[in-house]
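The values are calculated or read from the model by the stated rules, or taken from the named source; none is laboratory data. Being a predicted model, the structure only gives us computed values, none of them experimental. Counting neighbours? That spans all protein chains shown, and the Cβs are built from the backbone with ideal geometry, glycine included.
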Amino acid sequence: MAEDTTDRTGPAQAAATPAAPSRRALLGWGGAGLAFGAAAAGGTVAAVTGGGEDRTVPAAMSGAAVPFHGTHQAGIATAVQDRLHFASFDVKTEDRAELVRLLKDWTRAAERMTAGQAVGDGAYGGLAEAPPDDTGEALGLKPSRLTLTIGFGPALFDGRFGLKEHRPAALVELPRFKGDNLDPARSGGDLCVQACADDPQVAVHAIRNLARIGFGKVAVRWSQLGFGKTSSTTPEEQTPRNMMGFKDGTRNISGTDSAALDRHVWVSRKDGPAWMADGSYLVARRIRMNIETWDRTSLQEQEDIFGRDKGEGAPVGRAKERDEPFLPAMLPTAHVRLAHPDTNGGARLLRRGYSFTDGTDGLGRLDAGLFFLAYQRDVEAGFVPVQRSLAASDDLNEYIQHVGSALFAIPPGVRDEDDWWGRALFS
């Protein structure tokens, strides 16, 4: 296994309980702004137990805690968990100091939740006259590899908080792509938080508590639940399938491939600005699938559209899923061919997408599809050329439509217990 790219404080230190906000502090937590981070983990994690015992176990089999502190935020190169709760927030306060305070409060809360601990003084046992510090639905549950990842949207740099001059040049407004049918109510946002865990209740609990702490300072703009990861950062594990039944993300960047991560995912100091060093950029797209139409399409046509066989997942003309694709053997309009780095100037993305089903559309069809999440070092050299290629001629477009979109700058991780999300930006 390649060397982990993340600096860590060590399992014993990661397990240490941060200073809990006092009961009085709770009443001053009328709001908070948002951010969270941690060290990136690969295919294994250090299990944190109540007795401080450390052991290494396969990530997918562990209910353990992912180390919080580190060079990069967790939830990017970390082994992909089974469940997602993603939320985009609008900042309601226009007071810079209030926003900073809320980011600090959220950092302390996230440190505790990712370690499997209750927020503040917990869900019970405190003052009967005050609301509890924690909502309580995760009591008794394991950390379930919970990771919390914060991002800052372009709108945060509009001048309200004196950040206009610090907006990264790479935090561009995404162009409108052919076929987009974006819903403004499901797009954009000042801040985002990605909560991933193996237990859906643990992920939902994290977002709920951050929104509660942030009441009055931030408001949820939109959110998305996800299940059934559609990409993996651990190539030794079986590749997941999407809602169309095909293996997806076969050639995704591995969370332990430090060279590929440095080249395609992590922002370097020379990229600038300085506060983004060791961070990344996240593109989130809600992609609706017309699965009823897809389900009536012949197997041969489905395989031609993807450029892979549905059983093994092998590229056209190859025997195994991970065989190098021979692009000329595929149709010019095949999805794999159009998304391949050779078609897009070498562009590669680290994908962490999830499937979703959100009831029906009122016409008897499932509102289902892919919540696409992709991390990259440079959006204009990463997502933009790939999506332009796909939007122009991908045969899959007959069966999908992009209905939500957002872009966020993902700052570096929280280095230690004195650090907080966004410190480099606001300092």
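Structure summary
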read-out	value
Number of the exception - P184 against (1) in contact with an Asp or Glu (Cβ under 9 Å, 6 or more places away or on another chain); (2) surrounded by fewer than 21 Cβ atoms within 10 Å (Cβ to Cβ); (3) within 26 Å of F383 (Cα to Cα); (4) not charged (D, E, K, R)	(1)
Unmet criterion (only one of (1) in a strand (DSSP E or B); (2) over 30 Å from C192 (Cα atoms)) for R285	(2)
Pairs, first within 30 Å of G189 (Cα to Cα) in region 284-296, second in a strand (DSSP E or B) and among the aromatic types (F, W, Y), C-beta under 6 Å, six or more apart	R285/F372; R286/F371; I287/F372
Of all residues making up region 391-427, the number that are crowded, with 17+ Cβ neighbours inside 10 Å, under 22 Å from the mean Cα position of the chain (by Cα) and not small (G, A, S)	14
Extreme residue, surrounded by the most Cβ atoms within 10 Å (Cβ to Cβ), among residues of region 379-390 that are part of a helix (DSSP H, G or I), touching a residue at least 60 places away in the same chain (Cβ under 8 Å) and not polar (S, T, N, Q)	F383
Flag if E301 is under 24 Å from G359 (Cβ atoms), of a type in the set (D, E) and modelled with pLDDT of 95 or more	no
Residue in region 92-111 that is modelled with pLDDT of 95 or more, part of a loop (DSSP other than H, G, I, E, B) and acidic (D, E) present	yes
T71 part of a loop (DSSP other than H, G, I, E, B), within 18 Å of the chain's Cα centre (by Cα), surrounded by fewer than 24 Cβ atoms within 10 Å (Cβ to Cβ) and not aliphatic (A, V, I, L, M)	yes
Number of the condition not met by A374 [criteria: (1) over 26 Å from D82 (Cβ atoms); (2) part of a strand (DSSP E or B); (3) aliphatic (A, V, I, L, M)]	(1)
Enumeration of residues in region 120-167 that are of a type in the set (A, V, I, L, M, F, W, C), surrounded by 12 or more Cβ atoms within 10 Å (Cβ to Cβ) and over 19 Å from D199 (Cβ atoms)	L127, A130, I150, F152, A155, L156, F157, F161, L163
